[in-house]
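Report on the structure given below.
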Number of protein chains: 2
Amino acid sequence: MPAAPLTDYSRLCIHTITTKPWSLEQACDYYARAGVTGITVWRDTLEGRDIAAAGRRLTEAGLEIVSLARGGFFPAADGAGRQKALDDNRRCLDEAAALGAPHVVLVCGAVPGLPLAEARQQITDGIAAILPHAHATGVKLAIEPLHPMFADNRSAINTLKQATDVASKFDDFVGVALDTYHTWWDDQLETEIARCGKLGKLFAFHVSDWRTPTVDLLNDRGLMGEGCIPFRQIRGCVEAAGFRGFNEVEIFSNRLWAGDQAAYLLKIREAYLAHV
Amino acid sequence: MPAAPLTDYSRLCIHTITTKPWSLEQACDYYARAGVTGITVWRDTLEGRDIAAAGRRLTEAGLEIVSLARGGFFPAADGAGRQKALDDNRRCLDEAAALGAPHVVLVCGAVPGLPLAEARQQITDGIAAILPHAHATGVKLAIEPLHPMFADNRSAINTLKQATDVASKFDDFVGVALDTYHTWWDDQLETEIARCGKLGKLFAFHVSDWRTPTVDLLNDRGLMGEGCIPFRQIRGCVEAAGFRGFNEVEIFSNRLWAGDQAAYLLKIREAYLAHV
């Protein structure tokens, strides 16, 4: 059943990548002033910062830190590459702990020409390898299934079913970040959302829209309402599965990054109530 | 198990769209001279032709007519649109019969904003509606699952499982056209190829490669070997499932269309033996 319209911003989270031209401090100030209540921080915005101080600043501005994006990219052509990925993921967990983010989003990785079955095994092995560090830092891991058009070099995990299957191999520190953009086409989506929720694995819910035509595979996502994704239908499933977290707006768009970000933020607020 | 390398061109079919700058007559002459043995004809190349004469010309040149591309696009916003699609599909079947093509490839269609579940029902209903005409003309229907990146406006059938499920609702006049480009990412691909073959529904096998980066959703496919698709692995599954038909080269590429088509045809021959 479709969800009822949202009437306030108490569950509105924005990813810093959505307003990429802004520094973390600008995002913090503008989001808080606009009544946004959650923020997912992308690691690039932390460069050169005291991470714990950045976290305090966000919290003091009234923003809940929803997650840190992103870890993952486990598969590599050789052992040295895989070790480098594990080291980076442990650093990512340290950063999340310092920031105060409860989980890290995992874009799991793929390498063109590496068989997908091998990439998937390397992903599972990579998560197993960093899980003790997740426990030690108290930061959880959210596997994000990526759209199949990213199976070549971004993720060999391309459906919610696959993500839930991998998450289910581990304890409650490993779950799933579900993104409408990556999964809306899947005829198994409703069934798999229910299963993921029942297993206690549904950690996060991201929204952005699919535009027709899409002119760039990576950076042509739409603001909600600009495309064809049935957000209320999907959010209805997510909430029926027990999810009570933030609705996170995560939009990669050369077009939207090129405009005035303050005006864009107001449009995000409008689109959130009108379409999510 | 991966298939053994191909050693000759006895199962090499090329889609006329692959060499889009050529007329049907040019494609016929060049393909035959290059030892290509099969041709899938795109309807645009038949415009203004006597279709039966075109079919005879292809056959006399030694080319087996593998299929006619394409019918489908069943879903529409209203009944008039759906009726128009049925009429066009019946014309397509008539053209295939006149040409001498044993089946029509179906790109099933989708309409941005029309719920995918409704689009899928309209597809099933559309196939049911034209099936009597398929019987009357003796031309079969091959449902092609399209990559999920085309779920907005080209097809709501995005996995082999979906295509086989729909085909299984009908008799042996309805099957599946499997394309590596659309399906290589699917972790259920091997299982579903086996099921599709066992049901007698595997009518066609198309090949083209996935490039990294892919710069255009529609027209940036790669020649086999230019990307990351494991053709021998997939062909091995297809043949283990009993398929003995042509390996059809179907490449949409602005880049490859811009070059000399005769030189490109030689590269297709090489790539076919080296990679398929």
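Can you find a residue that is within 30 Å of A:Gly126 (Cβ to Cβ), at pLDDT 95 or above and not in a strand (DSSP E or B) anywhere in the stretch A:23-37? Yes, because at least one residue in the stretch A:23-37 is within 30 Å of A:Gly126 (Cβ to Cβ), at pLDDT 95 or above and not in a strand (DSSP E or B). Would you mind stating whether A:Ala101 is closer than 20 Å to A:Leu178 by Cβ, surrounded by 15 or more Cβ atoms within 10 Å (Cβ to Cβ) and more than 15 Å from the chain's Cα centre (by Cα)? Here the answer is no, as A:Ala101 does not meet what is asked.
Can you pull out the residues in the stretch A:160-197 that are assigned to a loop (DSSP other than H, G, I, E, B), free of Cβ contacts under 8 Å to residues at least 40 places away in the same chain and under 24 Å from B:Asp216 (Cβ atoms)? Correct list: A:Trp185, A:Asp186. Of all residues in the stretch B:170-193, those that are of a type in the set (Ser, Thr, Tyr) and away from chain A (no Cβ under 14 Å) total 0.
Taking the condition crowded, with 23+ Cβ neighbours inside 10 Å and over 16 Å from B:Ala204 (Cβ atoms), does B:Ala27 pass? The answer is yes for B:Ala27.
Counting only residues that are in contact with a helix residue (DSSP H, G or I) (Cβ under 8 Å, 6 or more places away or on another chain), more than 14 Å from chain B (Cβ to nearest Cβ) and not in a loop (DSSP other than H, G, I, E, B), the stretch A:68-116 holds 21 of them.
B:Phe243 meets the conditions (1) away from chain A (no Cβ under 14 Å); (2) of a type in the set (Phe, Trp, Tyr); (3) crowded, with 22+ Cβ neighbours inside 10 Å in every case but one. The failed one is (3).
Which of the residues belonging to the stretch B:117-134 are surrounded by 15 or more Cβ atoms within 10 Å (Cβ to Cβ) and either within 14 Å of another protein chain (Cβ to nearest Cβ) or under 30 Å from A:Met224 (Cβ atoms) (or both)? Result: B:Ala119, B:Arg120, B:Gln122, B:Ile123, B:Thr124. Would you check if B:Gly79 is out of contact with any Cys (no Cβ under 6 Å at 6 or more places or on another chain), more than 30 Å from B:Tyr9 (Cα to Cα) and surrounded by 15 or more Cβ atoms within 10 Å (Cβ to Cβ)? Answer is no for this residue. Can you tell which of A:Thr137, A:Thr214 is touching a helix residue (DSSP H, G or I) at 6+ places or on another chain (Cβ under 8 Å), away from chain B (no Cβ under 14 Å) and more than 14 Å from A:Val238 (Cβ to Cβ)? Selected residue: A:Thr137, the only one of A:Thr137, A:Thr214 that is touching a helix residue (DSSP H, G or I) at 6+ places or on another chain (Cβ under 8 Å), away from chain B (no Cβ under 14 Å) and more than 14 Å from A:Val238 (Cβ to Cβ).
Of the residues B:Ala151, B:Ala117, B:Ala142, the single one that is without any contact (Cβ under 8 Å) to a residue 24 or more places away in the chain and under 19 Å from B:Gln162 (Cβ atoms) is B:Ala117. Counting residues in the stretch B:136-143 that are modelled with pLDDT of 95 or more and loosely packed, with under 15 Cβ neighbours inside 10 Å gives one or more. Of the residues making up the stretch B:29-73, those that are farther than 26 Å from B:Gly175 by Cβ and among the basic types (Lys, Arg) are B:Arg33, B:Arg49, B:Arg56, B:Arg57. Look at B:Ile268 and say whether it is of a type in the set (Val, Ile, Thr), within 24 Å of A:Pro148 (Cβ to Cβ) and either modelled with pLDDT of 95 or more or outside any helix (DSSP H, G or I) (or both). Against the criterion (of a type in the set (Val, Ile, Thr), within 24 Å of A:Pro148 (Cβ to Cβ) and either modelled with pLDDT of 95 or more or outside any helix (DSSP H, G or I) (or both)), B:Ile268 does not qualify.
Checked against (1) over 19 Å from B:Glu190 (Cβ atoms); (2) part of a loop (DSSP other than H, G, I, E, B); (3) in contact with a helix residue (DSSP H, G or I) (Cβ under 8 Å, 6 or more places away or on another chain), B:Gly259 passes all but condition (3). Could you tell me whether the stretch A:225-240 includes any residue that is surrounded by fewer than 17 Cβ atoms within 10 Å (Cβ to Cβ), under 23 Å from B:Pro112 (Cα atoms) and over 19 Å from the mean Cα position of the chain (by Cα)? Yes, some residue in the stretch A:225-240 is surrounded by fewer than 17 Cβ atoms within 10 Å (Cβ to Cβ), under 23 Å from B:Pro112 (Cα atoms) and over 19 Å from the mean Cα position of the chain (by Cα). Restricted to the stretch A:152-173, and to residues there that are surrounded by 23 or more Cβ atoms within 10 Å (Cβ to Cβ) and among the hydrophobic types (A, V, I, L, M, F, W, C), the residue that is farthest from B:Trp185 (Cα to Cα) is A:Ala167.
Inspection of the stretch A:194-205 identifies no residue that is within 14 Å of another protein chain (Cβ to nearest Cβ) and modelled with pLDDT of 95 or more. Going by the structure shown, is A:Glu250 in contact (Cβ under 8 Å) with a residue 40 or more places away in the chain, among the charged types (D, E, K, R) and either crowded, with 16+ Cβ neighbours inside 10 Å or more than 13 Å from every other protein chain (Cβ to nearest Cβ) (or both)? Yes: the conditions hold for A:Glu250. Residue check: A:Gly236 meets all listed conditions (1) within 14 Å of another protein chain (Cβ to nearest Cβ); (2) part of a loop (DSSP other than H, G, I, E, B) but one, namely (2).
Kindly provide the set of residues from the stretch A:220-233 that are in a helix (DSSP H, G or I) and either free of Cβ contacts under 8 Å to residues at least 60 places away in the same chain or away from chain B (no Cβ under 11 Å) (or both), ordered by number.
Within the stretch A:220-233, A:Phe231, A:Arg232 qualify.
Annotation: A:Arg120 fulfils all but one of (1) out of contact with any Pro (no Cβ under 9 Å at 6 or more places or on another chain); (2) in a helix (DSSP H, G or I); (3) under 20 Å from B:Thr183 (Cβ atoms); the unmet one is (1).
Conditions tested, residue by residue: (1) of a type in the set (Asp, Glu); (2) out of contact with any Lys or Arg (no Cβ under 7 Å at 6 or more places or on another chain); (3) at positive phi.
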position: A:Cys196; (1), (2), (3): no, yes, no
position: A:Pro213; (1), (2), (3): no, yes, no
position: A:Asp216; (1), (2), (3): yes, yes, no
position: A:Gly227; (1), (2), (3): no, no, no
position: A:Glu239; (1), (2), (3): yes, yes, no
position: A:Glu250; (1), (2), (3): yes, yes, no
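The values are calculated or read from the model by the stated rules, or taken from the named source; none is laboratory data. All figures in this text were calculated on a predicted structure; none of them were measured in a lab. So basically every Cβ, Gly included, is an ideal-geometry build from the backbone, and we count neighbours across all protein chains shown.
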